[in-house]
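S.K.: Before I ask anything, let me first share the structure, which is written out below as structure tokens.
The values are calculated or read from the model by the stated rules, or taken from the named source; none is laboratory data. Please read these numbers as outputs of a predicted model, since none were measured by experiment. FYI the Cβ positions are ideal-geometry reconstructions off the backbone, even for glycines, and counts take in every protein chain you see. Heavy atoms of the whole protein, side chains included, go into the accessibility calculation; ligands, DNA and RNA do not. Shrake-Rupley method; radii C 1.70, N 1.55, O 1.52, S 1.80 Å.
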Protein chains: 2
Amino acid sequence: MKELYGSPGTKSGLMLRIGQCLFAASSIGVMASATGFSTSTAFCYLIASMGLEFLWSFGLVCIEVHALKFYKDLHNQIIMSLFAVGDWVIAMLSLAAACSSAGVAILFTKDTDFCKNETSFSCNMFPISIAFAFASWFLLAVSSCIMLWLVVSI
Amino acid sequence: MKELYGSPGTKSGLMLRIGQCLFAASSIGVMASATGFSTSTAFCYLIASMGLEFLWSFGLVCIEVHALKFYKDLHNQIIMSLFAVGDWVIAMLSLAAACSSAGVAILFTKDTDFCKNETSFSCNMFPISIAFAFASWFLLAVSSCIMLWLVVSI
């Protein structure tokens, strides 16, 4: 199997996973601290989805650190297929969460006067959380493509 | 190259493309006839995205009908790669549009009393249009996976 930039068991792969964790955690942190996020199901779903992505990526960070420390080879058909399926499913859920939240945030800030009228809402924090979610999704999408490439190139 | 169910130049492939066209057109039709859709950018984006998907799938229907009628072989590396890239890009845009619209529709119907107060809005039509958009995206996602499989299995 090819040794690709970002593949599991390499330093670049570990960096990608750490990036996913950091962005997902930042997205949760910013959204959870924004007043009024619970008004919209989409924002609650964003927190749930980013929580799932954080858990998945954190689990993979632990596996990759272990593999790097003890020189374990993760390039195994079954392991790679599991990583690929997990990455694709979670990437799709994250994209869905980020997009649905973006739709609601645009409605609040641009389409209606909701944010002007409801001054108690932390309207300026919603887009920041969504931007972090998109960044986290982008890194996960990169990992997903690398995984898929590695699985098919065996 | 393998002859797969749903691959271009086969009757099943043509059926998939016709299904994508029909669902995309239905989504546009229902959303455009719903009063008040222009309030939300997400709903306008849904129409634009479904329009793009309709044009793409309709173009491919024409190509596939031509290939079936004149026994042309579409299993060519360049053609398949172009179809695969187009399918993936448009599938991602469609998913983003359907999810952002779903976020706004849930906000209107469940999270707030917007639909109860604004009786002039066709709130019952938004979910129908979004369901059609998800059906259209699902068929496009099936085509995308078949295309990717065909491209990598050459």
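S.K.: Of the conditions (1) touching a helix residue (DSSP H, G or I) at 6+ places or on another chain (Cβ under 8 Å); (2) basic (Lys, Arg); (3) away from every other protein chain (no Cβ under 12 Å); (4) within 26 Å of residue A:114 (Cβ to Cβ), residue B:72 clears all except one; give me its number.
M.R.: Result: residue B:72 passes all but (4).
S.K.: Among the residues of segment B:139-153, are any away from chain A (no Cβ under 11 Å) and either over 20 Å from residue B:9 (Cα atoms) or surrounded by fewer than 19 Cβ atoms within 10 Å (Cβ to Cβ) (or both)? Walk me through it before giving the result.
M.R.: Looking only at segment B:139-153, we keep the residues that are away from chain A (no Cβ under 11 Å), and these are B:139-140, B:142-144, B:146-147, B:150.
Retained after the next criterion (residues that are either over 20 Å from residue B:9 (Cα atoms) or surrounded by fewer than 19 Cβ atoms within 10 Å (Cβ to Cβ) (or both)): B:142.
Yes, segment B:139-153 contains a residue that is away from chain A (no Cβ under 11 Å) and either over 20 Å from residue B:9 (Cα atoms) or surrounded by fewer than 19 Cβ atoms within 10 Å (Cβ to Cβ) (or both).
S.K.: If the requirement is being more than 17 Å from the chain's Cα centre (by Cα) and either under 30 Å from residue B:127 (Cβ atoms) or assigned to a helix (DSSP H, G or I) (or both), which of these qualifies: B:78, B:90?
M.R.: Details: B:90 fails: more than 17 Å from the chain's Cα centre (by Cα).
Just a single option satisfies the conditions, and that option is B:78.
S.K.: If you don't mind, another one. Listed residues B:107, B:95; which is under 24 Å from residue A:101 (Cβ atoms), at pLDDT 95 or above and open to solvent by less than 40 Å² (accessible area, probe 1.4 Å)?
M.R.: On the way: B:107 fails: at pLDDT 95 or above.
It is B:95.
S.K.: Just checking, which of A:134, A:126 is touching a residue at least 40 places away in the same chain (Cβ under 8 Å), surrounded by 15 or more Cβ atoms within 10 Å (Cβ to Cβ) and not aliphatic (A, V, I, L, M)? Lay out the reasoning, then the answer.
M.R.: Values: A:134 fails: touching a residue at least 40 places away in the same chain (Cβ under 8 Å).
None of the other options fit; the residue is A:126.
S.K.: Restricting attention to segment A:58-75, report how many residues are without any contact (Cβ under 8 Å) to a residue 60 or more places away in the chain, over 30 Å from residue A:130 (Cα atoms) and surrounded by 15 or more Cβ atoms within 10 Å (Cβ to Cβ). It would help to see each step written out before you state the result.
M.R.: From segment A:58-75, those without any contact (Cβ under 8 Å) to a residue 60 or more places away in the chain are A:58-71; that's our starting set.
Checking which are over 30 Å from residue A:130 (Cα atoms) leaves us with A:66-71.
From the residues that got through so far, the ones that are surrounded by 15 or more Cβ atoms within 10 Å (Cβ to Cβ) too are A:67-68.
Result for segment A:58-75: 2.
S.K.: Report yes if some residue within segment B:34-42 is within 17 Å of the chain's Cα centre (by Cα), open to solvent by 20 Å² or more (accessible area, probe 1.4 Å) and either within 24 Å of residue B:126 (Cα to Cα) or not acidic (Asp, Glu) (or both); otherwise report no.
M.R.: At the first step, the residues of segment B:34-42 found to be within 17 Å of the chain's Cα centre (by Cα) are B:42.
This time we only want the ones that are open to solvent by 20 Å² or more (accessible area, probe 1.4 Å), so: none.
Within segment B:34-42, not a single residue is within 17 Å of the chain's Cα centre (by Cα), open to solvent by 20 Å² or more (accessible area, probe 1.4 Å) and either within 24 Å of residue B:126 (Cα to Cα) or not acidic (Asp, Glu) (or both).
S.K.: Tell me the residue from A:55, A:16, A:46 that is assigned to a helix (DSSP H, G or I) and without any contact (Cβ under 8 Å) to a residue 12 or more places away in the chain, please.
M.R.: Numbers: A:16 fails: without any contact (Cβ under 8 Å) to a residue 12 or more places away in the chain; A:46 fails: without any contact (Cβ under 8 Å) to a residue 12 or more places away in the chain.
When all the criteria are applied, what remains is A:55.
S.K.: Can we say residue A:90 is surrounded by 20 or more Cβ atoms within 10 Å (Cβ to Cβ), closer than 18 Å to residue A:44 by Cβ and not charged (D, E, K, R)? Spell out how you get there, then give the answer.
M.R.: Details: surrounded by 20 or more Cβ atoms within 10 Å (Cβ to Cβ): yes; closer than 18 Å to residue A:44 by Cβ: yes; not charged (D, E, K, R): yes.
Criteria met by residue A:90.
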